[in-house]
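The values are calculated or read from the model by the stated rules, or taken from the named source; none is laboratory data. Treat the numbers as computed from the prediction; the structure is a model and nothing was measured. Backbone-built Cβ (ideal geometry, glycine too); neighbour counts: all protein chains shown. Quick note on the areas: whole protein, heavy atoms, side chains included, nothing else; ligands and nucleic acids left out. Shrake-Rupley method; radii C 1.70, N 1.55, O 1.52, S 1.80 Å.
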Amino acid sequence: MAGGFLGKTLAAVSLSVALASVTVKYLGGCSVAACRNSLLSCRFHVNSNMMSGFHGTKHSHNKARTSPYPGSKVQRSQVPNDKVGWFVEWRDYNPVEYTAVSVLAGPRWADPQISESNFSPKFNEKDGQVERKSQNGLYEVENGRPRNPAGRTGLVGRGLLGRWGPNHAADPIITRWKRDRSGNKITHPISGKNILQFVAIKRKDCGEWAIPGGMVDPGEKISATLKREFGEEALNSLQKSSAEKRELQEKLHQLFSQEHLVIYKGYVDDPRNTDNAWMETEAVNYHDETGEIMDNLTLEAGDDAGKVKWMDISDKLKLYASHAQFIKLVAEKRDAHWSEDSETGCPG
């Protein structure tokens with residue numbers, strides 16, 4: 001927990017300020033994030049991967065301020081753009097309090113309420129098997145509650161999220177080249193670049209298309225989460241027989257043991273976020289260059305997915321939360337088609 005001078009400094013700094021204070025370039029392509037403020041460099045680690053996902057935006061979250069809150073009729077208190085950052089004094093700020101009944105019921109994936117006497121979470125630390133560290137560095141804790149590092153959302157409590165503070169997820173981005181019947185890569189007629197496809201699922205909860213990811217279980221490695229979630233949501237592994245599961249695991253091992261790219265790590269602009277609980281993810285790209293591995297896997301929606309399919313990658317994609325930003329980073333890293341605008345990609 002931050003204290004003393006560091007606590008005061010953190011209280012005056014939000015990620016929305018960091019966005020204006022950091023020069024960001026995309027992963028593996030353009031350059032690195034450079035902190036201009038020496039105090040931030042030494043005392044407050046701003047994850048460059050996270051910042052790259054919001055490259056070019058003025059504010060660090062927008063979907064996290066939308067109403068009604070998912071799965072409810074709850075309306076957030078409105079937060080104007082100039083009041084998002086915690087560094088801006090707003091004495092009249094009066095956010096709505098909301099935690100879903102499903103979370104308050106105390107499932108194994110959820111924390112107790114802060115007020116419960118036997119609950120003493122270790123924020124900004126590894127708390128037993130629960131990871132309470134943020135991928136974006138230290139976050140402030142006020143009145144016993146962690147504070148969203150990206151700013152105000154108009155809602156306090158946990159909403160649909162189980163953990164106070166960061167809720168860690170993993171998003172496997174499985175890609176292949178789009179090919180014609182002869183097996184040749186298909187290029188876009190305007191950009192002249194090869195068209196990349198990724199496995200997308202249609203979420204049951206909101207009906208939006210998304211990357212087939214999910215929450216990291218306590219003590220679970222990210223690599224295991226990536227493989228498990230892809231199997232459950234895109235291949236319906238939970239409904240397979242024991243023999244089918246063994247065969248599926250062998251094929252998944254072939255896909256997930258190859259070279260991969262960590263596309264993004266950090267805060268996610270998610271409609272479930274609140275002032276006290278927020279989503280963070282690690283998005284990893286596994287690319288099937290020849291297409292042979294995925295040809296042997298039959299896509300079948302399962303678990304939280306209503307549908308699953310291969311989707312062409314372009315700037316016309318409308319995806320859940322910040323997923324379109326992750327997909328854009330993959331297209332840039334793979335030098336694949338993204339936009340018909342000739343001025344795409346990183347400058348210089």
**Request:** For segment 137-158, state whether one or more residues are out of contact with any Phe, Trp or Tyr (no Cβ under 7 Å at 6 or more places or on another chain) and of a type in the set (Lys, Arg).
**Result:** no
**Fill in**
Of the residues in segment 198-222, those that are surrounded by fewer than 19 Cβ atoms within 10 Å (Cβ to Cβ) and among the aliphatic types (A, V, I, L, M) come to Met215, Ile222
**Request:** Name the single residue, out of those in segment 167-197 being of a type in the set (A, V, I, L, M, F, W, C) and part of a strand (DSSP E or B), that is surrounded by the most Cβ atoms within 10 Å (Cβ to Cβ).
**Result:** Ile173
**Prompt:** Residue check: is Lys227 open to solvent by 50 Å² or more (accessible area, probe 1.4 Å), among the basic types (Lys, Arg), in contact (Cβ under 8 Å) with a residue 24 or more places away in the chain and outside any strand (DSSP E or B)?
**Reply:** yes
**Message:** I'm checking my understanding of the structure. Among residues of segment 88-120 that are touching a residue at least 60 places away in the same chain (Cβ under 8 Å) and either under 15 Å from Gly165 (Cα atoms) or not in a loop (DSSP other than H, G, I, E, B) (or both), which one is nearest to the chain's Cα centre (by Cα)?
**Reply:** Trp109
**Asked** Taking segment 198-213, which residues are in a strand (DSSP E or B) and modelled with pLDDT of 90 or more?
**Response** Phe198, Val199, Ala200, Ile201, Lys202, Trp209, Ala210
**Complete:** Taking segment 106-150 and keeping residues out of contact with any Pro (no Cβ under 7 Å at 6 or more places or on another chain) and among the hydrophobic types (A, V, I, L, M, F, W, C) leaves Trp109, Ala110, Ile114, Leu138, Val141, Ala150
**Fill in**
Considering residues that are in contact with a Leu (Cβ under 9 Å, 6 or more places away or on another chain) and either surrounded by fewer than 14 Cβ atoms within 10 Å (Cβ to Cβ) or among the charged types (D, E, K, R) (or both), the number found within segment 76-104 is 3
**Request:** May I ask you to say which residue of Gly137, Gly144 is over 24 Å from the mean Cα position of the chain (by Cα), over 16 Å from Asn273 (Cβ atoms) and surrounded by 12 or more Cβ atoms within 10 Å (Cβ to Cβ)?
**Result:** Gly144
